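Here the structure comes first, spelled out in structure tokens, and everything after it is commentary.
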Amino acid sequence: MSIEVTQLTRLYGEQKAVDNITFKVGKGEIVGFLGPNGAGKSTTMKIITGYLQPDQGSTVVCGIDVQKQPLESKKKIGYLPEANPLYYDMYVQEYLDFVADVHGVSDKKKKIEEAIETVGLTLESKKRVGQLSKGYKQRVGLAAALIHDPEVLILDEPTTGLDPNQIVEIREVIKKLGQHKTVLFSSHILQEVEAICDRVVIINRGKLVADDTLSSLRAQTSDSEVLKVSFREPLEAAWLERLSSVRSVNKISTHEWELICNNAQDAKRQLLELALQQNLNIVSLQSGGQSLEEVFRALTNNNNNNNNNGDLGT
């Protein structure tokens, strides 16, 4: 196994940011690490990379105990943190040269050129880091994570600040890297996780709530059905929450709603009754299969009813 997390716990005062979680990531796997705001994702990643110490439990990377041999384990890890730390006064190649020296990289010139080409920085490589857009700064951080050719990549929100075209490009980079490296990454964009990963690990309030393939998770949560309804008139969420067949309500816009239902047919009947009683006009009513977003909500919605847009946090 490339990453082994065992009974990991981290406290901040009396609050458990990470609460006794255990999971493994094998060589060549690309695993999405998901959870709502404050779930403990970034804390877990910092512990795996040796930047934080756990209060209990252990992490092993490529057979090396991170807590007992932090320097040796860091040689195996490429880490892109959510808050990407860069020296803005340095030129791109100068910064990557500095990072290569820190890692003791031999044949620096070749490795720097390879990293720049891999992340698509060639046209910007002669500029100062501070002159770059946020998206290109993110690429510099990814290049720095790759410069020493690590076996394991830990990427915390790797596509932050990228435009849609750049997201697709970096997605392809990650998929390519996953052919010969182990990748654990978190993302706000659930569609991105679906496009890259076959397996996800989901934590909620510090606890592990899922660790499985996407297909298995969809099957496990298939007892809930999804309805998307659009009204001509605006209405309050409370009206929909009162329907007995509706488990949770997610607002898409003033007029559009997504409903997680126990029984879609019953929910449709109740929606029609509501429309008649309140003199509402239903513009559209559609049922659909379980997306990763819907699986995520089904697993975390008990404690996180405010996650209405499908975005995830740290």
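We did not get these values from a lab; they are worked out from the coordinates using the rules stated. Just so you know, these numbers come straight off a predicted model, no measurement behind them. Neighbour counts are summed over all protein chains in view; Cβ atoms, including those assigned to glycine, are modelled from backbone coordinates with ideal geometry.
Expressed as a rounded percentage, what relative contact order does region 223-289 have, with Cα pairs under 8 Å and six or more residues apart?
That works out to 47 percent.
Angle check, please: helix 264-278 long axis (alpha carbons) against the longest principal axis of the chain (alpha carbons), in degrees 0 to 90, nearest 10.
60
Separation of region 223-297 and region 11-70 by C-alpha centroid, Å?
Region 223-297 and region 11-70 have Cα centres spaced 37 Å from each other.
Give me the angle, in degrees from 0 to 90, between the Cα long axis of helix 92-102 and the longest principal axis of the Cα atoms of the chain, rounded to the nearest 10.
Value to nearest ten degrees: 70.
Report the local net charge at N84: Lys and Arg +1, Asp and Glu -1, summed over other residues whose C-beta lies under 11 Å from its C-beta.
0
If you restrict to DSSP beta bridges whose two residues both lie in the chain, what percentage is antiparallel, to the nearest 5?
The antiparallel fraction comes to roughly 70 percent.
Just rank F296, F98, F23, fewest to most, by other beta-carbon atoms within 10 angstrom.
In increasing order of surrounding Cβ atoms, one gets F98, F23, F296.
Straight-line reach from K228: which lysines have Cα under 16 Å away, leaving out those fewer than 8 places along the same chain?
K228 reaches K251, K268.
Below 12 angstrom from the Cβ of E236, what's the summed charge of the other residues (Lys, Arg +1; Asp, Glu -1)?
The answer is 0.
Using a 10 Å cut-off around each Cβ, can you sort H188, H148, H180 from fewest to most neighbouring Cβ atoms?
Details: H188 16, H148 19, H180 10.
Ranking H188, H148, H180 by Cβ neighbours within 10 Å, fewest first, gives H180, H188, H148.
On a 0 to 90 degree scale, rounded to 10, what angle separates helix 108-119 from the longest Cα axis of the chain?
The two axes meet at around 10 degrees.
Summing +1 for each Lys or Arg and -1 for each Asp or Glu, what net charge is found among the other residues whose Cβ lies under 14 Å from the Cβ of F23?
-1
Counting every Cα pair in region 3-213, what percent are over 30 Å apart?
Cα-Cα pairs of region 3-213 separated by over 30 Å account for 20 percent.
Go ahead and estimate [θ] at 222 nm for the chain from helices alone: -39,500 (n - 2.57) per DSSP H run with n ≥ 4, summed, over the residue count, rounded to 500.
Value at 222 nm, helices only: -10000 deg cm²/dmol.
At a threshold of 8 angstrom on Cα-Cα distance, excluding pairs fewer than six apart, so keeping six or more, what relative contact order does the chain reach in percent?
21
In region 1-106, which trypsin sites (Lys or Arg not before Pro) fall in coil by DSSP and have 11 or fewer other Cβ atoms within 10 Å?
Details: sites: R10, K16, K24, K27, K41, K46, K68, K74, K75, K76; in loops: K27, K68, K75, K76.
Counting only loop positions with at most 11 other Cβ atoms within 10 Å, the trypsin sites (Lys or Arg not before Pro) in region 1-106 are K68.
Explain nothing, just the number: dipole magnitude of region 223-289 about its Cα centre with +1 on each Lys and Arg Cβ and -1 on each Asp and Glu Cβ, in debye rounded to the nearest 20.
Dipole size: approximately 80 debye.
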